[in-house]
1. In a GNM of the chain with a 10 Å cut-off on Cα contacts, which of Tyr64, Tyr74, Tyr36 has the highest mean-square fluctuation?
2. Apply the Karplus parameterisation 6.51 cos²θ - 1.76 cosθ + 1.60, with θ equal to phi minus 60°, to every residue of region 49-57 and state each ³J(HN,Hα) to the nearest whole Hz, in sequence, with x for glycine and proline.
3. For the chain, what does -39500 (n - 2.57) per DSSP helix run (n ≥ 4), summed and divided by total residues, give at 222 nm, in deg cm²/dmol to the nearest 500?
4. Taking the chain as a Gaussian network, where each spring joins two C-alpha atoms under 10 Å apart, which residue of Asp92, Asp22, Asp40 fluctuates the most?
5. Cross-link partners among aspartates and glutamates for Lys21, C-alpha distance below 18 Å, same-chain residues fewer than 8 apart left out?
6. What is the helix-to-structure angle for 71-82, meaning the angle in degrees between its Cα long axis and the longest Cα principal axis of the chain, kept from 0 to 90 and rounded to the nearest 10?
7. Compute from the Cα atoms of region 1-60 the Rg and the Dmax, the latter being the longest Cα-Cα distance, and quote both in angstrom.
8. Tell me the net charge near Leu80. Cut-off is 15 Å between Cβ atoms, Leu80 excluded, with +1 for each Lys or Arg and -1 for each Asp or Glu.
Amino acid sequence: MEIASIHPQKFVEALDQKTLKDSVIIDVREPHEWDYYHLDEAKLIPMGQIPHRLGELPEDQDIYLVCAHGVRSYRVAEYLQENGIDRVINVDGGMAAVGMLRGFQYD
């Protein structure tokens, strides 16, 4: 099963151009990471809560997944696809890459 991904530059451009309006952005990091730095457009669902909160995820919209560096979000993408949610896109490099592109020193 192939996991779709998006380069962080393309993701930031899409955010800035507001072309992701019909999509959902899910941040799978922990609350303390979210508090440190997050995207206003994103919704926080920590990785460990995903199995219990599948009902909150749309099946008719693209779901962009983001974490700190793109590893946890990739695992979540695999899990979602295994559970019948196919429209998932992993943000390569995660918030570290997005932050860097936006001039924020993430870590």
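Every read-out reported here was derived from the displayed coordinates using simple, explicitly stated rules and does not represent laboratory data. A quick note: this is a predicted structure, and the numbers were derived from the prediction, not measured. In this analysis, Cβ positions are derived from the backbone assuming ideal geometry, glycine residues included, and neighbour counts consider all displayed protein chains.
1. Tyr36
2. 8, 3, x, 7, 10, 4, x, 7, 8
3. When only DSSP H runs of four or more count, the value is -9000 deg cm²/dmol.
4. Ranking Asp92, Asp22, Asp40 by mean-square fluctuation puts Asp40 first.
5. Correct list for Lys21: Glu13, Asp40, Glu41, Glu56, Glu59, Asp60, Asp62.
6. The angle comes out near 20 degrees.
7. Expressed in Å, the Cα Rg and Dmax of region 1-60 come to 12.7, 33.
8. Here the count lands on -4.
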